[in-house]
Structure formats: C-alpha cells, structure tokens
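S.K.: Sharing a structure, written as structure tokens. Questions coming.
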Amino acid sequence: MSQSDIQQSGPIGVFDSGYGGLTILREIRSRLPQYDYIYLGDNARAPYGTRSFDVVYRFTLEAVRHLFDRGCRLVILACNTASAKALRSIQQRDLPGIDPTRRVLGVIRPTVERLGRLSRNGHIGLLATHGTVSSHSYDMEIEKLYPDRSITLTSKAAPMWVPLIENGEADKPGADYFVTKYIGELMGADPQIDTLLLGCTHFPILYPKIRAAVPEGVDIVCQGHIVADSLADYLRRHPEMERRCGKGGACRYLTTESPDAFSRLAAMFLGEDVDASHVVL
Ligand code: DGL
C-alpha cells in the first residue's frame, strides 16, 4: 500500500434513518470484519418512510456529507427509503462536485439482482415503507433486470413497523396486531407469493413476529447478507477503493438522538457493547 493510499484511507460509512441499518451492518461486519466502519443513524428525524422526496434527499445528503467529513471514501445507504429517494440524485448530481473519487451505494439494486434466484414460482411480496413502495424503485429495477416478466411483485407499505421498532416495541405484544395486519393484506393480494422480501432494513428486527405470522412454505428474505455479499464483490472489483478502506476492524456509532438510548437498543440488536456519540447534521 502506498503512502498516499494510507493517508487517504478511511472507514466505510453505513447510514440509516435509525436502527434499521444495524441489520445490514451486522452482516457486513461478519462478512468483512477487517475494515473500519462508522454507523450513522438519524434517529432524531426517523422515520423517513412517510417523508417527501425532497426531505429524504436533503437529510440523506447531509448524512453523506457528514460521513465524508469524517473520512469515509465509501458510504452505504443501508436504508431502502434513502436508496429509493436520494441515491440517484446524490450519485449523479452531488458526488461529481463533492469528490468524484468517493462512492455512495444503495441496497435496492443488489437486492433485486438476487431476487431471481430466491423465488420458486416468481411471485414475490414486498413489505417496505410507504416511501419505498410509492417510489416504485423495486418495480423499475425488476423491469430492467427481468424484462422477461419472470417476476410478479406485489408491494404493500407497512408504515407502523418502523415507529414500533424506533420506540423499542418490536418484541412487545402490541406489535402483533400490525404484523398480522400487513402480512394478511399482502398475502390476500397475491396468495401465490412464495417469497417475502423485507424491503426495509428495520424490518428484520421484527423477524420472530413476522415469521410466526407468515404462512409456512413462504420464505422470508432479509437484505443484510445480500448487501454484504454485494459489497464484498464491489471491493473485489474496485481495488482502488478497497485500498482506501481503513483496515483496523473498528466500528464507531453516531446518532442524531440520545446516544444512551441508541447504545442500549443497538447493543440489544447487535449482541455487543455499543458506545454511541451524538452528532448534529
Ligand atoms: N430503514 C429504512 C428503510 O430501509 C427506513 C425506515 C424509515 O425511516 O421509515 O427503508
């Protein structure tokens, strides 16, 4: 590694509106433990799922700039809503002016690339935030990657799930009603669904309740391992970026809300101690 690569190396940034991206970070770190990471959760302004395009774009750009200021060369938007509403504008409009050598990657494209291999009959159900569903980002990527129409996607917004998770209610009995409700509506819209995609990075936190409510024989797909595989592949194909990713195995956590509350809940999801710091975007 040359001197300038070492000087220019920085942690990989992982961004989400709140706790959801931790489900992606967990898989990325277990697949690629050698790198340094900074996780940023905009918990103070979550949920993003009901916000307009402009607001999600503005918030996401602020977060990306913050992670760049902290030395990240590569930022993963570990949030479907931000990937759906902000990624393209940031990649095409902002990055060339900020620093064309840095990269921002999302979670929707790698997930859709994998979908064709996941379903037996091509009937896939998507549960996501209102923002992701109404952006039609999944439909558009599916049209591009499967022009033979081998995939039928049925989408349903599950707007109450993120607030339940952000408020620490994911494992409480009150969450059962909304889990059963959205799954019932989705399966009612296409009873042939054999694969359920959790297209919001918060949703795996509700996994035990979702599994219990989904009919047997329907597979549930979480995105963490898909994004981790895709990042590993990206770094293999881009050695110039790989060289610029710091390699110390460290992970820092930043939140725009109370760091104590974040550290407590994040430690529960990750099964390890978390010492988060507060940031203002
Ligand atoms: N975790 C995010 C996603 O994947 C967003 C949740 C929200 O803030 O509404 O869509």
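S.K.: Could you pull out every residue, at least 5 positions away or on a different chain, whose amide H is within less than 5 Å of the one on Asp36? Hs are placed 1.01 Å off N in the peptide plane, and Pro or chain starts have none.
M.R.: For Asp36, whose amide H was placed from the backbone, the distant partners under 5 Å are Ile12, Gly246, Lys247, Gly248, Gly249, Ala250.
S.K.: Once amide H atoms are placed 1.01 Å from N in the peptide plane, what residues at a sequence separation of 5 or more from Thr152, or on another chain, have their amide H within under 5 Å of its amide H?
M.R.: His123, Ile124
S.K.: Now, a different point. Please list, by residue number, every one of the GluC sites (Glu not before Pro) in segment 196-281 that is coil in DSSP and has at most 11 other beta-carbon atoms within 10 Å.
M.R.: Qualifying residues, ordered by number: Glu216, Glu272.
S.K.: Number of Lys pairs in the chain with C-alpha atoms less than 20 angstrom apart, excluding same-chain neighbours closer than eight positions?
M.R.: 7
S.K.: Specify the inter-centroid distance of segment 166-181 and segment 20-73, based on alpha-carbon positions, in whole Å.
M.R.: Between the Cα centres of segment 166-181 and segment 20-73 lies a distance of 24 Å.
S.K.: Per DSSP helix of 4 or more residues, -39500 (n - 2.57); summed, then divided by the residues of the chain. What does that give at 222 nm, rounded to the nearest 500?
M.R.: Estimated from H runs of four or more residues: -12500 deg cm²/dmol.
S.K.: With everything on Cα atoms, drop me the angle between helix 259-270 and the longest principal axis of the chain, reported from 0 to 90° to the nearest 10.
M.R.: 60 degrees
S.K.: If you don't mind, another one. What trypsin sites (Lys or Arg not before Pro) in segment 171-230 are in a loop by DSSP, with at most 11 other Cβ atoms within 10 Å of the Cβ?
M.R.: In loop regions of segment 171-230 (DSSP not H, G, I, E or B), there are no sparsely surrounded trypsin sites (Lys or Arg not before Pro).
S.K.: Label points 7 Å out from Cα along the Cβ direction at Asp148 and Asp190: separation in nm?
M.R.: 1.7 nm
S.K.: Right, here's the next one. For the Cα atoms of the chain, what angle does the longest principal axis make with the long axis of helix 224-237, in degrees from 0 to 90, nearest 10?
M.R.: Around 40 degrees separate the two axes.
S.K.: Moving on. Bin all alpha-carbon pair distances of segment 212-281 at 10 Å intervals from 0 and give each bin's fraction as a whole percent.
M.R.: Histogramming segment 212-281 at 10 Å steps yields 16, 25, 35, 21, 3 percent.
S.K.: Could you check how much of the accessible area of the chain is carbon and sulfur, as a whole percent, using a 1.4 Å probe?
M.R.: Reported share for carbon and sulfur atoms: 50 percent.
S.K.: Let me ask something additional. Short version: ³J(HN,Hα) in whole Hz for each residue of segment 156-170, in order, from phi by Karplus 6.51 cos²θ - 1.76 cosθ + 1.60 (θ = phi - 60°), x for Gly and Pro, what are they?
M.R.: Karplus values, whole Hz, x for Gly and Pro: 8, 7, 10, x, 7, 5, 5, x, 4, 5, 4, 9, x, 9, 4.
The values are calculated or read from the model by the stated rules, or taken from the named source; none is laboratory data. Worth saying up front: this structure is predicted, and the values here are computed from it rather than measured. Every residue, glycine as well, gets a Cβ built from its backbone with ideal geometry; the counts of neighbours run over all protein chains shown. Areas reflect the complete protein model, heavy atoms only, side chains present, ligands, DNA and RNA absent. Shrake-Rupley method; radii C 1.70, N 1.55, O 1.52, S 1.80 Å.
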